[in-house]
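Participant: The structure that follows is given in the form of structure tokens.
The values are calculated or read from the model by the stated rules, or taken from the named source; none is laboratory data. All values derive from a computational prediction rather than experimental measurement. With ideal geometry, Cβ positions are generated from the backbone for all residues, glycine too; neighbour counts draw on all protein chains shown.
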Amino acid sequence: MSNLPFTFDCHCHLLPGVDDGSQHTEESISILRMMAEKGIKRVALTPHINPDIFRSDELSTIDNYFNFYGKIPKEIKEAVQITIGAEYMVIPGLEGKDPVNMLKFTEGKILIEMSYYFPSSNIGDAIFRINSSGLKPVIAHPERYLYYSDNLEKFDEMYNLGCEFQLNLLSTSGAYGEESVKIMKYLMDKGWYTYVGSDTHTYSHFKRIMSLDIDRDIADKVAEIMQKNVPAGAHQ
């Protein structure tokens, strides 16, 4: 992992106490410090926006971000550019949300996800609505949607509607099983991954990710995605 050009973590849950990620400011700061030590230059905090579970919205997320940002030591902020985004669960009604007001993890890009247990019935409408606004939907960790492993054409449909895909680093280890690897390699072969994220939730989780020994047959492809992983601007 240390030889890969991972400088932009576009997906992590380090905004403390707001979802199923880091619960304490001290843990989040420790993870950010380790990220800086590992050569990561930019981090987008992407807490879940899923009102059914976390009761979060854009305004509360921004307030929580600025409260947390003020507690981050100066030396970490000088080493790492820290911005705020979000990971939107595609639930009923999301397709009617104005994408302009949604939090972008980087300029012009909105991170969306589905349940690990069943697809979102409105995923196509959500992708179309975001894309039609001039923004780009990026589907988080598609390799974890195992219900598509025998129906890979669903990813073709999503791609053709105008979405991009984000790879979770832990997926490269085969941590989620053969079906996940099948999906990952399909999307890699298509060249459809445009971002790589850690999806870090805890300190131990990030340490595990940083110690990954990625198979040689995909390491070059992961590195290539990472090299394209540096966007032109930031939404803050």
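Participant: Restricting attention to the range 67-74, does a residue exist that is surrounded by 16 or more Cβ atoms within 10 Å (Cβ to Cβ) and over 30 Å from residue 219 (Cβ atoms)? Explain how you work it out, then say what you get.
Facilitator: Just the residues of the range 67-74 that are surrounded by 16 or more Cβ atoms within 10 Å (Cβ to Cβ), to begin with: 68, 72.
From what is left, the residues that are over 30 Å from residue 219 (Cβ atoms) are 68, 72.
Within the range 67-74, one or more residues are surrounded by 16 or more Cβ atoms within 10 Å (Cβ to Cβ) and over 30 Å from residue 219 (Cβ atoms).
Participant: Does residue 107 fit the bill of being of a type in the set (Asp, Glu), out of contact with any Gly (no Cβ under 7 Å at 6 or more places or on another chain) and within 30 Å of residue 5 (Cβ to Cβ)? Explain how you work it out, then say what you get.
Facilitator: Numbers: of a type in the set (Asp, Glu): yes; out of contact with any Gly (no Cβ under 7 Å at 6 or more places or on another chain): no; within 30 Å of residue 5 (Cβ to Cβ): yes.
No.
Participant: Now for a separate question. Kindly establish whether residue 226 is touching a Gly at 6+ places or on another chain (Cβ under 8 Å), under 30 Å from residue 81 (Cβ atoms) and not in a strand (DSSP E or B).
Facilitator: Numbers: touching a Gly at 6+ places or on another chain (Cβ under 8 Å): no; under 30 Å from residue 81 (Cβ atoms): yes; not in a strand (DSSP E or B): yes.
No; evaluated as a whole, the condition is false for this residue.
Participant: If you don't mind, there's one more thing I want to ask. Looking at residue 28, is it hydroxyl-bearing (Ser, Thr, Tyr) and modelled with pLDDT under 95? Explain how you work it out, then say what you get.
Facilitator: Numbers: hydroxyl-bearing (Ser, Thr, Tyr): yes; modelled with pLDDT under 95: no.
No, not satisfied.
Participant: Restricting to the range 9-32, and then to whatever is in a helix (DSSP H, G or I) and touching a helix residue (DSSP H, G or I) at 6+ places or on another chain (Cβ under 6 Å), can you tell me which residue is farthest from residue 225 (Cα to Cα)? If you could, list the steps in order and put the result at the bottom.
Facilitator: Let us first name the residues in the range 9-32 that are in a helix (DSSP H, G or I), namely 25-32.
Keeping just the survivors that are touching a helix residue (DSSP H, G or I) at 6+ places or on another chain (Cβ under 6 Å) gives 27, 30-32.
Values: 27: 28, 30: 27, 31: 23, 32: 22 Å.
Across the range 9-32, the extreme among qualifying residues is 27.
Participant: What strands (runs of 3 or more DSSP E), lying completely within the range 47-129, carry at least 2 residues that are closer than 13 Å to residue 15 by Cβ?
Facilitator: Values: elements: 81-84, 87-89, 109-113.
Of the strands (runs of 3 or more DSSP E) lying wholly inside the range 47-129, those with at least 2 residues that are closer than 13 Å to residue 15 by Cβ span 81-84.
Participant: Checking the conditions here, which among 179, 143, 157 is assigned to a helix (DSSP H, G or I) and within 17 Å of the chain's Cα centre (by Cα)?
Facilitator: Details: 179 fails: within 17 Å of the chain's Cα centre (by Cα); 157 fails: within 17 Å of the chain's Cα centre (by Cα).
On inspection, the qualifying residue turns out to be 143.
Participant: Give the range 81-130 a look and list any residue that's over 17 Å from the mean Cα position of the chain (by Cα), surrounded by 15 or more Cβ atoms within 10 Å (Cβ to Cβ) and of a type in the set (Phe, Trp, Tyr), or say none.
Facilitator: 128
Participant: Does the range 39-55 hold any residues that are more than 20 Å from residue 106 (Cβ to Cβ) and crowded, with 16+ Cβ neighbours inside 10 Å, and which are they?
Facilitator: 50, 54 - these are the residues of the range 39-55 that are more than 20 Å from residue 106 (Cβ to Cβ) and crowded, with 16+ Cβ neighbours inside 10 Å.
Participant: Working carefully through the options 215, 199, find the one that is modelled with pLDDT under 95 and under 21 Å from residue 9 (Cα atoms). Before the answer, list the steps.
Facilitator: Details: 199 fails: modelled with pLDDT under 95.
After applying the criteria, what remains is 215.
Participant: So is residue 176 among the hydroxyl-bearing types (Ser, Thr, Tyr), within 20 Å of residue 10 (Cα to Cα) and at pLDDT 95 or above or not? Outline the logic, then answer.
Facilitator: Working: among the hydroxyl-bearing types (Ser, Thr, Tyr): yes; within 20 Å of residue 10 (Cα to Cα): no; at pLDDT 95 or above: yes.
No: the conditions fail for residue 176.
Participant: Among the residues of the range 18-35, are any more than 30 Å from residue 3 (Cβ to Cβ), crowded, with 18+ Cβ neighbours inside 10 Å and either in contact (Cβ under 8 Å) with a residue 40 or more places away in the chain or touching a Phe, Trp or Tyr at 6+ places or on another chain (Cβ under 6 Å) (or both)?
Facilitator: yes
A quick yes/no check of all residues on (1) closer than 30 Å to residue 30 by Cα; (2) of a type outside the set (Asp, Glu); (3) surrounded by 19 or more Cβ atoms within 10 Å (Cβ to Cβ); (4) free of Cβ contacts under 8 Å to residues at least 60 places away in the same chain:
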position: 151; (1), (2), (3), (4): no, yes, no, yes
position: 159; (1), (2), (3), (4): no, yes, no, yes
position: 165; (1), (2), (3), (4): yes, yes, yes, yes
position: 171; (1), (2), (3), (4): yes, yes, yes, yes
position: 196; (1), (2), (3), (4): yes, yes, yes, no
position: 201; (1), (2), (3), (4): yes, yes, no, no
position: 215; (1), (2), (3), (4): yes, no, no, yes
position: 220; (1), (2), (3), (4): yes, no, no, yes
